[in-house]
1. Grab the beta carbon distance between Ile191 and Lys89, set R0 = 30 Å, and tell me the FRET efficiency rounded to 0.05.
2. Quick one: net charge of Pro54's neighbours, Cβ under 12 Å, K/R +1, D/E -1?
3. Separation of segment 13-28 and segment 45-80 by C-alpha centroid, Å?
4. Between the DSSP loop rule and a limit of at most 11 other Cβ atoms within 10 Å, which GluC sites (Glu not before Pro) in segment 101-177 are left?
5. May I ask you to derive the relative contact order of the chain, considering only C-alpha pairs under 8 Å and at least 6 residues apart, and to give it as an integer percent?
6. Pop out the carbon and sulfur fraction of the accessible area of the chain as a percent, whole number, probe 1.4 Å.
7. To the nearest 20 Debye, how big is the dipole of the chain about its Cα centre, given +1 on the beta carbon of each Lys and Arg and -1 on that of each Asp and Glu?
8. Hey, rough spin-label estimate for Tyr56 and Glu69, points 7 angstrom out along Cα→Cβ, what's it come to in nanometres?
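The values are calculated or read from the model by the stated rules, or taken from the named source; none is laboratory data. For clarity, every value in this text was computed on a predicted model and none was experimentally measured. Neighbour counts run over all protein chains shown; Cβ positions are idealised from the backbone, glycine included. Side chains are part of the model used for accessible areas, which takes the heavy atoms of the whole protein and leaves out ligands, DNA and RNA. Shrake-Rupley method; radii C 1.70, N 1.55, O 1.52, S 1.80 Å.
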Amino acid sequence: MIVMSIAGVDPSAGAGVFADLKTFQAIGAYGTGIVTALTAQNPYKFFSTLPVSPDYIEEQMDSVLDEYEVKYVKTGMLYSPEIIELVGKKISEYDLKAVVDPVMVATSGGDLTREDIADAFNKYLLPKAILTTPNVAEAEKLTDLKITSKEDAMKASEMIKCNSIITGGHLDGINTINIDGEVSVVKQELIETDNLHGTGCNLSSAIVAYLAKNNDLNTSILKALDYVYEGIKNGNYGTLIAKI
Ligand code: PXL
């Protein structure tokens, strides 16, 4: 089953399209990659961003989707409202099932978005998505709520415009999952590390790969949480041999 990442390029390959391709490979799905922006960065320092024009992103998507049967895609760094609108349009055009990682702020403080793009996610992308995977800061921006507890996260998940997992890395390891209005909580142990670069990217791409391997949405989320947890523990996400 062929899957697709629509995201930015991190040349150090812990995050972005390159990392997504490694995760797809580890789980056993054939990955394709649409580049929305180049970046110059490593896990510790972010230098600059060079966005790709919406027209050229569209040309990349058409060139793959007109030949390959792709059902599941993930979106990562989309950079601007114009790119978010274009990707929303293509998701409808090709009837894609999209897992949206609403990338807004890099852990390293890099320039991953041109401006506040929460409104564009809410307007153009989330209503068409099968799942979104915000961290606490992103969920706050999507809902205008302050999230400091499990109850806040549950409330936010009810306001988000599609199924969601609000990841727990900044909430004591409490992941809040809302599928079709049913909320569940999965608590994970927090791991002491100085390298969490790309964990969000790898979570959403692992979910897509597990979906492509015929797991249902809830199972795909649980398996992907496990995959990222093991990756953080071993310091090598994407290069793992995944439990398929
Ligand atoms: O995890 C957010 C993210 C997404 N996409 C790219 C990134 C990062 C974080 O650094 O570099 C390309």
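1. Working: r = 39 Å, r/R0 = 1.30.
Between Ile191 and Lys89 the formula returns 0.15.
2. Values: positive: Lys89, Lys90; negative: Asp55, Glu58, Glu59, Glu82, Glu85.
Net of charged neighbours comes to -3.
3. Distance between centres, Cα-based: 15 Å.
4. Values: sites: Glu115, Glu138, Glu140, Glu151, Glu158; in loops: Glu115.
In loop regions of segment 101-177 (DSSP not H, G, I, E or B), the sparsely surrounded GluC sites (Glu not before Pro) are Glu115.
5. 20
6. Details: 5390 of 10880 Å².
Summing carbon and sulfur atoms, their accessible area is 50 percent of the total for the chain.
7. Details: 20 positive and 33 negative charges, 105 e Å.
So the magnitude is around 500 debye.
8. 3.3
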